[in-house]
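This report concerns only the one structure given below.
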Amino acid sequence: MTAGVSVAQQKSAGFEVAGRNFKVPAEWKAEQPSSRMRKAQYKVGEAELVVFFFGKGVGGSVEANIGRWLGQFKEPKEKLGTKQKEQKLPSAKITTVTAAGTFMSGSPFGAKVPKPGYAMRAAIIEFDGGPVFIKMTGPRDAVGQTADAFDKLVRSPFE
């Protein structure tokens, strides 16, 4: 089984990554991942959801990833209204983080476009197969309206 996910697989009830099946709402539109690093990608109204998986022991620590994600905003992290929560399950640990401000959109080493009024909702799921990184960014209202569906997606492989 490969770590990658085809668009056809995503259009079913969700996607599989790291041997786990994730369920997404039917109205989320599967897209072809825009980079090889992305294992799944969805358009959720005006927001974008991306999934990363690099394998066991790869991808960096939870704190390093959260720090990098918060660094994608123009404002210092203290001004982003950041909320971080940790949930321990029998077979995994889920860390979620939310933030809002001016998102600096663009490739890691390319030009950035400021997107004021944006928000991020992200999760890092740690389990034996390696960490799965899920991040949604978009206008604050669009991201906020999907909070429950996002949380359900993150927990779906464990229910």
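All of the numbers you see were taken from the coordinates with simple rules; none came from a lab. Remember, predicted model here, so these are calculated numbers, not experimental data. Methodologically, a virtual Cβ is constructed for each residue, glycine included, from the backbone with ideal geometry; neighbour enumeration extends over all protein chains shown.
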List the aspartates and glutamates whose Cα lies under 17 Å from the Cα of Lys115, skipping any in the same chain that are fewer than 8 positions away. Glu46, Glu48, Glu75, Asp141
Cα-based shape type of the range 13-105, given that a ≥ b ≥ c are square roots of the gyration tensor eigenvalues and the cut on a/c is 1.5: oblate
Using alpha carbon centers only, the range 15-58 is separated from the range 116-159 by a whole-angstrom value of 10 Å
I want to check the label-to-label distance for Lys88 and Lys56. Put each point 7 Å from Cα in the C-beta direction and report it in nm to one decimal. 2.2 nm
When you count, for each residue, the other Cβ atoms within 10 Å and take the mean per peptide, how do 88-94, 42-48 rank with the highest first? 42-48, 88-94
Given the peptides 15-22, 60-67, 142-149, arrange them by the average over their residues of other C-beta atoms within 10 Å, most packed first. 15-22, 142-149, 60-67
With a/c under 1.5 counting as rounded, go ahead and sort the range 10-67 into rounded, prolate or oblate using the C-alpha gyration tensor (a ≥ b ≥ c being the square roots of the eigenvalues; past the cut-off, prolate if a/b is larger than b/c, else oblate). prolate
At what distance in nm do the modelled label points of Met104 and Ala26 sit from each other, each positioned 7 Å from its Cα along Cα→Cβ? 4.2 nm
